[in-house]
Amino acid sequence: MDIILHVTNTNTLLQIIWSLGMGFLTAFLIIPFIIKWAIEKNLVDQPNARKVHTTAIPTLGGIGILAGCAVGCLPFLFANFSLEIACFLSALALLLGMAIVDDLREIPASKKLILQIGAALLICYGGIRITSLGGFLGIEEIALSTQYIITTLFIVGFMNAFNFIDGIDGLAGGIGAINALVLGVLFLLAGGTTYGLLLLALAGGIIAFLYYNFNPAKIFMGDTGSLTIGCILAVMGIKLLQFEAVTPMLSNSFVLLMGILLLPIFDIIRISAYRIYNGTSPFHPDKNHVHHLLLKTGLNHKKTALTLYLVNIILIISAFFIKDILSVTQSFILLSVLGVLLMELVDVKNFFKVRNDLKTTDQKFRHLIKENRFLLKS
């Protein structure tokens, strides 16, 4: 009851309306100017063999998203300013600067990785770290040095995983909005209002961006969006784990985090394993991501994105149902199996499409032979 009252008091409701509303409105109004400016300066993403778009599209949409997020949440972040928030915002500023330069002219992957690690270490220094694995593989509390290593790997890994799913119109934005909303609501219910408002402002900015990004896209979020959004989701996921100790409703929050963030992680693991198996670098771009496979089945961009939204929601709901029933290790295995099964449905659909295409081709060939019997006689 106290949790519900905390969320429904007038002050908190006004803060929620401000964060979500201003996040949306600011991004919605700014993005058209970014589109116009990017076209004038030729700051566009050119089509090539490994991309699914066929025309030059303006990038830097992430600037609009983050502008909306900033207007929606900075008043509350500064009102509760701390070393933790200072380090977090500084890391985001570092990532944003790097991403803008990378979107304008590519930065070597090795330098990007070093800057990403630096940003993650800064966040760790501020106090947002994975301090326990919640019983996963029987591991509870971990040493400080291990906390830095695991947290850095998780943040860098997830932001790149989120960057990887930004391959078709509306996909990364939709997944990001869903996950930000879920995490935001959890923080609000748990009393972490400041971080809840940050996530709602981010969700508002992303939803506004989707208006311009859904197929046919007028703008892409670029690395300015995918890397920073991925970082925010990863860091807020870790912060959620720290709330478990003081909030009974977040029991086994490690499982909740798995369900919320599993889809991008699953895709990067799957595609990396596929590339290594085929003798190529896991960082070598191709068209074998799960969204590419869905496109090959005949779905358009919108249906592909909506299908993966549904998969994401199923994983989140499943995590909520099993978090207090199974152990963390059992939950991880079950969610992983569920993710594999949902993704394999893509291959099943593709199998029937290929079979139907072959059947149609065979029928056309037989008809051609029948209509040109004289060719056989000659």
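Multiply the residue separation of E40 and I114 by 0.36 nm, subtract the distance between their alpha-carbon atoms, and state the gained length in nm to one decimal.
Result: 23.4 nm gained on full extension.
With both labels modelled 7 Å from their Cα along Cα-to-Cβ, the T329 to R105 distance reads 5.3 nm. Based on Cα contacts under 8 Å between residues 6+ apart, region 165-240 shows a relative contact order of 38 percent.
What FRET efficiency do you get for F321 and A93 if R0 is 51 Å and r is their Cβ-Cβ distance, rounded to the nearest 0.05? E between F321 and A93, to the nearest 0.05, is 0.85.
Model label points for A56 and I17, set 7 angstrom from Cα along the Cα-to-Cβ axis, are 4.5 nm apart.
The accessible-area ordering, largest first, of the residues T131, T297 stands as T131, T297, per a 1.4 angstrom probe. Here the spin labels are modelled as points 7 Å beyond Cα on the Cα-Cβ line, and at A273 and S336 they lie 0.8 nm apart. These residues, E141, E84, go from largest to smallest accessible area, 1.4 Å probe, as E141, E84.
Take the Cβ atoms of L153 and F78, set R0 to 45 Å, and the FRET efficiency comes out at 0.90. Region 69-92 to region 122-180: how many Å between their Cα centroids? Distance between centres, Cα-based: 19 Å.
The values are calculated or read from the model by the stated rules, or taken from the named source; none is laboratory data. What you see is a predicted model, and the numbers here were worked out from it, not measured in a lab. FYI the Cβ positions are ideal-geometry reconstructions off the backbone, even for glycines, and counts take in every protein chain you see. Ligands, DNA and RNA are excluded from the accessible area calculation, which covers all protein heavy atoms including side chains. Shrake-Rupley method; radii C 1.70, N 1.55, O 1.52, S 1.80 Å.
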